[in-house]
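Step one of this worksheet: look at the structure below.
The values are calculated or read from the model by the stated rules, or taken from the named source; none is laboratory data. Computed from a prediction, not measured in an experiment: that's the story for all the values here. For neighbour counting, all protein chains shown are included, and Cβ atoms are generated from backbone atoms with ideal geometry for every residue, glycine included.
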Amino acid sequence: MRKLHRHRSIRPLPHPNPIISTTLPPSYPTKHQINGHLDNDENLISTITNIVHGNQSWSVSFNNTISSNLKQQHVEKVLLRTLDDPRLALRFFNFLGLHRNFNHSTTSFCILIHALVQSNLLWPASSLIQTLLLRTSSPEIVFKYYYDTYVNYKFSRTIGFDLLINAYVQGRRVLDSFSIVNSMKNRNLMPEIRTVSDVFNGLIRIRRFDLVLKFFDEMTEIGIRGNAYIHTAIIRCLCELKNFDRANALIQWLESNNHELNIVMCNVFIHGLCKSQKMEEAMELKQALPIKGLKADVVTYCSLIMGFCRLRQFKTARTLISEMVDMGFVPSEAVVSGAVEGLRRNGDAISAYNLIQDLDSIKALPNLFVYNALINSLCKEGNVDEANILFKNMDTNGLTPNDITYSIIIDSFCKRGQLEDARLFLDKMNDSGIKASVYPYNSLINGYCKSGKPRIAETLLKEMVFQDVNPTVVTYTCLIDGYCKHQDVHKALRLYHEMTGKRIFPNTYTFTSLISGFFNANMGTEASAFFLEMMERNVIPNERTYNVMIEGHCQEGNMVKAFDLFDQMVEKGLKPDTYTFRSLITGLCSINKVSEAKEFVNNLNRQNHKLNEMCYSALLQGFCQAGRLDDAISASSEMIEKGIDMDIVCYSMLINGSVKEGDDVKLIHFLKEMHDKGMKPDNVLYTILIDAFGKRRDVEKAIGYWDIMISEKCNPNVVTYTVIINCLCKLGFIEKAEVLFKEMLVNSIFPNHVTYGCFLDCLTNEGHMEKALHLHNIMLKGSLANTITYNILIRGFCKLGRIQEGVKILDEMFDNGILPDHVSYSTIIYEYCRNGDVHEAIKLWDLMIDSGLKPDTLAYSFIIHGCCVAGELTKAVDFRDEMVKRGLKLNRSLELL
C-alpha cells in the first residue's frame, strides 16, 4: 500500500456528539441490576486495561474467569483506553484473536484501524482492513461502522478511508470502492484525489465509464479541483465512448484555466482517435503538441503508427517510424510487429523485410510469431535469399528460432526440391535441442514423394516414429500418393492398412490418391471398391475425387458409369469444372463417339458452363483422330467466337490432323496463323510433325522439321530424339540414327527404354539377334529393360524360327523380375501353332492363364487357328466358347466354327 498524502481539497464536517457504541442490544433490567451490571463491566474493563499495560504475561493473567466473561463491548472499551499506544492495542487485539480465539466486533476493527492511521502506522492498518473485508462482504455495513467510529471517537485523520478504498480496488472490488467514495461524498468527506483516480481507473477497466463521468461532473459542481491523473482518466473514458468533441473541449478548458496538461493526456486522446480511425485529427493533435509546450514521445508515435497500420496506410506508418528513429526513439516490439505484419498481409513482404533491415541497427524487432510469418511469406514468394538472411540474423538479434521457424525453412527447401538442404536443417534442428514436430517430417515426406522417391520418404516415417513423433493422416496420405504416382499401388495399399490399423482415419485426399493410383494401374475394379469404402466410412468425396473417378472410367471406355458419376456429382451440389468436362469429352472421342462429344459440348454451352481451351483441344483431337478435319476447324472457329483463345495445343491438334490427311496447304495455313499471332511451335508440336511425317515415310520432311526446330533454338527433349531416331531406324537410316543417339548423350539427354527399343526393334527386324541381345544387356544394367523390350527379342527369335531361344528369353524375364504379358506368351504360342506343335502351344497357354493373364482376341485367334490346323477341333470349340464367356468379340471365321 503506497503512503498517501494528507493534502485535502475539502475538510470533514465538525464531529457531532459521540454515539456510544454497543454491540449487544440493551435489555430492560431494574435500576439496581443496571448499577450492579455497570460496576461489574467497569471492574472487568479496568482489570483488563491494567493487564494490557502491565508487565505480567498475558497468557497467565487472562485466566478462565476473565476469558469466559469477556465480551466484544469490553474489548472496544479497552481499545479506546489504549489509543495512546496503538501498537500495544494491536498486540492485545491479535493476542485475543490468536490465543483466545476471540471474535472481534466490526467496531473493534474500526477503532484500531483509525488509531493506527492516527499514529501513521499505515501498513498494519492496511493489513487489518484486509482482514475486516474478508469477514464483512457488504461495503455499506463496513462504511457505517467505519464512519461512526471515526465520528463518535473524534479521530481526525481521514487517510483511513483512502486505505479502505484502495483495499477494495486492489481486491478487484471496484464497484464496492466506488460505493465507499459515494458514501463519503454524501457525508461531505472526500478521499484524496489520487485515490479517486485509482477508483476511476478501476471503473474504466470494467468499462463503467458512466459512473466515472457522473462522479467527475459532481466533483466539478462542488468545486473540487481534479489533477492530471483524474483528467487523464476522464479523457480515456470519453475516448472509449467516442465522445471526442468533449475530450477535445476538456483539453482546451485545461489549457485556458491553467490546469496541468501533460503528454500522457494527449497520448491518451491520440490513442483514442487512432482506435477510431480518426487519423487526420490524431495527426493534427500531434502537430499541435509544440504549441502546447509538449513534445511527442515514443507512445505518441507508437499510437499513430499502429493507427495507420490498421488503415493499411503503410507508407505513412513507415515515414513515422523513420521520424521517431531519427528523434532517438526505439519503436516498441508491438509497433514493429504491427507494421511488419501489416506490410506482409498487404502482400508486400519485401517492404516488411526492408523495414526489419532498417531497424536492425537499433535492435527493434517484431515478435517471433511475426518474424516467422514473414520468413514464411518470403519463402512462398520466392524471396529465399531474404528469408535466409532473416534466419541467419536471428541469433545475433536475440531471437531464438523455434520449431515453427525450422518447419518453415524446411518446407521451403522441400517445395523448391532442395531435399538434402531440408534434411540438413532437420538435423540442425535436432542438434539445437528443438524437438521436431510432425510438420517438418510431413514436408520432407511430401517432398521426396513428389520427386519420385517414396522409399526414402518411408524411411523418414520410420525415423519420426523412432523419435516419438506421431504420424498423421497427412503423413500417410503423402506416402500413399507418392507410391501411387510411382505405379506401386501394392505398397500404397500396405501403408493404407498400416494407417487404419493405427486408428488414423483416412480422409478425402487419402481415398482420392488411392482411387487415382488404382485407375492409373488399370485396376478400375479396385479403384471403384475404394470409392464405395469411402462412402461407407462417411468420408465425403470432393470435386477432385469425382474428377478422378470420371476420368478413370473414361479411360476404360465406360462412359455410362462416367456420366452416372457426373450426374451424381451435380446432385450432391458439387460443381463440375473444365477438368470434368475435358475427361468426358476425351472419353467419348476415345470410343469413336465424336458426334456425341460435340453434342455434349453444345449442351454445356447452352447451360452457360465455362469451357476452356483444354476442353476444345480434346474435341479437336477427337475430330482429327476420326479424320474429320473440317469439323475440327469448325469447332475451332466456334471456340474463337466464344472468346476462347486457341493455344499451341489446339493448333497442334489441327496441324496433326492436317498432316494425317496429307493436307499440306492447311498445315502451312495453321503454321502461318500461329506465326501471325506471335506463337512459336514448341518441342511438342515439332515432335508431332516429325512423328507424323515419319509415319508417312516422308523422311525428307521429317528431317526438315528437325532442322527448323534446331535453327529456332527449340531444344528437343528425349521424346523428340526418340521419335526422329525411330523414324530413321524404320526407314533404314540406322547410321544417322546412331549419330543422333550420340548427340543426345553429348547434350546430357539420357535415352529411355523407348529410345533403346527403336534400335532393338531395328536390329531384330534385320535378324541381328546377337547385337540385339548385347544392346538389351546394356539396357538391363541401366534398368531400362521392360516387358516390351523383352517382347521385341521374343518376336525377333520367333521370326527367325528360333522358338527355344524365345522360350529361354521368357524364362529370363522371370529371373530378372520382369513379368511377361499376354503378348509375350501369344508370340511364342503363334510360332508353335505355325509350326504345328499345338501341344506345346496349349501348355504355354495354360501357363499364361495360371499366371493370371487375360488373353486378348488375337491370342485366342492364334490358339484356335492352331488347333484347327492340327485337327483338334474339340479344343478349338472349347477355346471359342471360353472366348465368348470372357466377353470377347468373335471375328467372322470364328463365328463359323
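Worth pointing out:
- Residue list for the stretch 702-715, restricted to those being surrounded by fewer than 16 Cβ atoms within 10 Å (Cβ to Cβ) and β-branched (V, I, T): I708, I710
- Which listed residue, of I648, I644, I688, is within 46 Å of the chain's Cα centre (by Cα) and farther than 28 Å from V718 by Cα: I644
- Scan the stretch 664-701 for residues that are among the aromatic types (F, W, Y) and farther than 11 Å from Y651 by Cα and the total you get is 2.
- Only one of L211, L189 that is assigned to a loop (DSSP other than H, G, I, E, B) and over 24 Å from C266 (Cβ atoms): L189
- Some residue of the stretch 687-705 being out of contact with any Cys (no Cβ under 8 Å at 6 or more places or on another chain), in a helix (DSSP H, G or I) and either assigned by TED's automatic domain parsing to the domain that holds R582 or farther than 27 Å from M744 by Cβ (or both): no
- Filter result (in a loop (DSSP other than H, G, I, E, B) and either of a type in the set (D, E) or surrounded by fewer than 17 Cβ atoms within 10 Å (Cβ to Cβ) (or both)) within the stretch 59-69: N63
- Looking across the stretch 290-333, the residues that are small (G, A, S) and under 18 Å from L273 (Cβ atoms) come down to A296, S303, G307, A317.
- Selection from the stretch 489-531 of residues that are surrounded by fewer than 23 Cβ atoms within 10 Å (Cβ to Cβ), more than 30 Å from the chain's Cα centre (by Cα) and under 16 Å from L565 (Cβ atoms): G524, T525, S528, A529
- Helices (runs of 4 or more DSSP H) wholly inside the stretch 218-284 containing at least 2 residues that are of a type in the set (S, T, Y): 228-240
- The set of residues from the stretch 464-517 being charged (D, E, K, R), in a helix (DSSP H, G or I) and in contact with a helix residue (DSSP H, G or I) (Cβ under 8 Å, 6 or more places away or on another chain) comprises D481, K485, K491, E498.
- Residue within the stretch 447-461 that is outside any helix (DSSP H, G or I), in contact with a Ser or Thr (Cβ under 8 Å, 6 or more places away or on another chain), surrounded by fewer than 19 Cβ atoms within 10 Å (Cβ to Cβ) and in contact (Cβ under 8 Å) with a residue 12 or more places away in the chain present: no
- Within the stretch 641-656, the residues that satisfy the criterion of being of a type outside the set (S, T, N, Q) and touching a residue at least 24 places away in the same chain (Cβ under 8 Å) are K642, I644, D645, M646, D647, I648, V649, C650, Y651, M653, L654, I655.
- Residue list for the stretch 747-789, filter: small (G, A, S) and surrounded by 14 or more Cβ atoms within 10 Å (Cβ to Cβ): G757, A772, A785
- Residue match in the stretch 581-588 (condition: in the same structural domain as Q621 (by TED's automatic domain parsing) and of a type in the set (D, E, K, R)): yes
Residue-wise test of (1) of a type outside the set (F, W, Y); (2) surrounded by fewer than 16 Cβ atoms within 10 Å (Cβ to Cβ).
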| position | (1), (2) |
| --- | --- |
| V370 | yes, no |
| Y406 | no, no |
| L426 | yes, no |
| G433 | yes, yes |
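- The residue list V699, V723, V718 contains one member that is among the β-branched types (V, I, T) and surrounded by fewer than 17 Cβ atoms within 10 Å (Cβ to Cβ), which is V718.
- Residue in the stretch 401-416 that is within 19 Å of Y371 (Cα to Cα), touching a Cys at 6+ places or on another chain (Cβ under 8 Å) and of a type in the set (G, A, S) present: yes
- Residue within the stretch 157-164 that is more than 24 Å from V212 (Cβ to Cβ) and surrounded by fewer than 22 Cβ atoms within 10 Å (Cβ to Cβ) present: yes
- Screening L90 against (1) in a loop (DSSP other than H, G, I, E, B); (2) over 21 Å from V199 (Cβ atoms) leaves a single unmet condition, (1).
- Among the residues of the stretch 149-171, those identified as farther than 16 Å from S126 by Cβ and either assigned to a helix (DSSP H, G or I) or under 60 Å from the mean Cα position of the chain (by Cα) (or both) are T149, Y150, V151, N152.
- In this entry, D217 is excluded by the filter for residues that are within 50 Å of the chain's Cα centre (by Cα) and free of Cβ contacts under 8 Å to residues at least 60 places away in the same chain.
Listed here are the residues, each with its yes/no results for (1) under 20 Å from F102 (Cβ atoms); (2) in contact with a helix residue (DSSP H, G or I) (Cβ under 8 Å, 6 or more places away or on another chain); (3) modelled with pLDDT under 50; (4) assigned to a helix (DSSP H, G or I).
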site	(1), (2), (3), (4)
S21	yes, yes, yes, no
G36	no, no, yes, yes
I45	yes, yes, no, yes
H74	yes, yes, no, yes
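- Residue match in the stretch 591-610 (condition: closer than 28 Å to N507 by Cβ and in contact (Cβ under 8 Å) with a residue 24 or more places away in the chain): no
- Residues that are farther than 10 Å from S516 by Cα and buried (at least 18 other Cβ atoms within 10 Å of the Cβ), drawn from the stretch 545-555: Y546, I550, H553, C554
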